[in-house]
Every structure is written in C-alpha cells, then in structure tokens.
1. Going by C-beta contacts inside 10 Å, put 86, 15 in order with the fewest on the left.
2. Under 8 Å for C-alpha pairs, at least 6 residues apart: give me the relative contact order for the stretch 189-297, rounded to a whole percent.
3. For the stretch 189-297, compute the orientation-averaged projected area of the C-alpha convex hull (one quarter of its surface), in nm².
4. Grab the beta carbon distance between residue 32 and residue 100, set R0 = 25 Å, and tell me the FRET efficiency rounded to 0.05.
5. So, by mean Cβ neighbours within 10 angstrom, what's the order for 231-238, 25-32 with the highest one leading?
6. Quote the relative contact order of the stretch 23-101 in percent (integer), defining contacts as alpha-carbon pairs under 8 Å separated by 6+ residues.
7. Mind listing the long-range amide H neighbours of residue 267? Cut-off is under 5 Å, sequence gap 5 or more, other chains count too, H placed in the peptide plane at 1.01 Å from N.
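Values quoted throughout were computed directly from the atomic coordinates according to the rules given, and no laboratory measurement underlies them. Small disclaimer: the values here were computed from a predicted structure and weren't measured. In this analysis, Cβ positions are derived from the backbone assuming ideal geometry, glycine residues included, and neighbour counts consider all displayed protein chains.
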Amino acid sequence: MATVTGFEGLRHPRRTDLKQFSELFDPLFSASSDEARRQAAAALSQCQHVPPSVALQIGNAPISIAAIFLTRSNAIDDATLLQVIRSQGQAHATAIARRDNLSVHVVDALVERRQTAAAPAETAVPASQVSPTAPTPDEPLQRRPEATAQGMTTAKLLREEKLRSDLKSLARIPQKTVPVLPGIEPLDPVHEALLVRFARSGEANLFAASLSAALSSSPELGERILLDISGQQLATALTALDMHADDSLFILCAFYPDLIGRLGGTTRGEALLASLSAETCRVRVQAWLQTDRKDTVGPSEHQAYLSPDRGADPRQPAARQEPARIAADLQQKRTFGRSR
C-alpha cells in the first residue's frame, strides 16, 4: 500500500516511474494478502496512469480482487481487456461488460466469450427431438441428419449475428455526458492551484474567498461552505467544480483532520468523495447559488412612503444636513451636562 500510495501521488508519472512501479508491484502484489491486494486494486482503479503489466496482473487476479478494477479503471487499454476476457472466466467478462465505454473489439470478444460458454448447451440435442421416421428410398441414408444439423447451424449463426449487431449498436451509442448547469464551470488551473495552496498553508479566509470566486458567488457562501464541520458541503462543492480527486482529498483532510481516520479499507475522506456523484453535486450547488443570488441581489422589502419609521431619503434635499449644522449638533452633544 505504501508503494501504491506513492505512485498515486504522481500526477504525471514519467516512463521511468511507470517501469519502476511495475517492477516493484509484481512481487509485492503476489506476496500480499487478499485484503491488501483488494485495497491496492481499489486504489489503482482511480489512477489515470497504470502500467499495462500491472493492469494485466490485477485483471487476472480472482474476481473478488479484480472486480472493482475491471469495472471502474480508465487506465486499462483494449489489449489488456481482450487478454483478460480470453484467459479468465465468465465472472471477469461480466465485470468488463459493466464498463461505461467499450470499444467494438471488446464487444466482439464479449460476444464470442458468451457464445463459447453457451455452445455446449446448444449443441447437445435430446434424443426425443430426433425424428424416428426413416428416410425415403430415393434419399441417401445420411442426408436427413446432415440437413438437420445444417439447419441448426444456420439458426445458431443467425442468432449470433443478431446478438453481435445489437451489442455493436449499443456500443456505438454515445455516452450520456453530465450536463454542466448554468453558473457552474469547471475549475481553471489558476483557481485549482490557489485552493490547494491556501489549504496547505491553512489560510481559511483566503481559501473561502477563492472558493467564492470559483463559484461566482458572494463571499458569504464560501464561508458557509467552509464552516460545515463535517466536510460534506466542501466535498460537494469541489465535486461540482470537477476538481481532481487527489486534490479534493488533500483539501478535505487539511481542513477537517478527522477525515484522515480509517474506515474499513479506506479513509473517511475517500469514502465521502466516493459517495458523491458529479450530477447530484452540481444540482445541489446550483440550488445554493440560486439562494445566494436571491439573498444578495433580491429586491429589498417594500416600505410605505408615509410609514412612521421611514428613514431619510438621501435623494431629497431636505434630508441633507448642512456641514455647519452637523458641527453645531456635535458640539452641543459634547458640552451637554458640563458645569459652567
């Protein structure tokens, strides 16, 4: 886990870093316990850069370890997925089929895998379904069984072709992108660097101001988000702004140290970020922004013109006091009650 954690800290690993990590990971992964391997697979499923040898080693692990990596990792290439499908069982193929983005080659391999698994059941024909009638004298003795087998093969090929075309059409459907609601734009590099810097130095006021600027909101909203001691609101805001998961986790742990505590096989901060979805967070932050705008730029409360407690209107000449009168009033207040 120390090796995996160190590799996760590399935002843009070099080729030498990838080679060194693959050389270290192979013996450590083989000698670790199942729980440690499961945690390593879950952690690497969130990395954007994983060496192909490491991805193949995790993919060939038992399904209880490799399931989360095969389902969620975006760093697995098609060649690795094809090797796992052809070398492992149906459980690994099912986990790969749950991925969001599947290429046509991977879909073909999944279809072939499914056909291979279902072939023994389809080729076995019960004896009761075979026609007991004998062939006619003008027909050769082996023509009728060959025709029956040929008909079964044709029907099977038609079913396979239909299934293949359906899966290909599903794979070509563009994935639904999460719409970015008005008023919420992804973080630019400048704001992201400022948030990480102020979180590292512990400057809460500057961090709240930068967060408000990133959200295009009032400073009060950034302060209210940061004052939530559970870290739920800050995690929601960072997820809505599409901040990198590593930076979000660092910021949460910097302001809320209790999120560093372990919770099962992960930390509380990682569990909090994993429980949030980008679409839900954007909707929630959009509601915060709408409320904030109503509070800041909303119309003021109506007050009748003849109200007894109506304040002085600075636009009226009568409401403006002359400087000499103001000075006289101040002098009278200062000398009031003094003995002469």
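1. Sorted ascending by nearby Cβ count, the order is 15, 86.
2. Contact order relative to length: 26 percent.
3. That works out to 6.4 nm², a quarter of the Cα hull's surface.
4. 0.30
5. On the way: 231-238: 22.1, 25-32: 13.9.
Order by mean packing, descending: 231-238, 25-32.
6. Numbers: 81 pairs, mean separation 22.8, N = 79.
Once normalised by length, the contact order is 29 percent.
7. none
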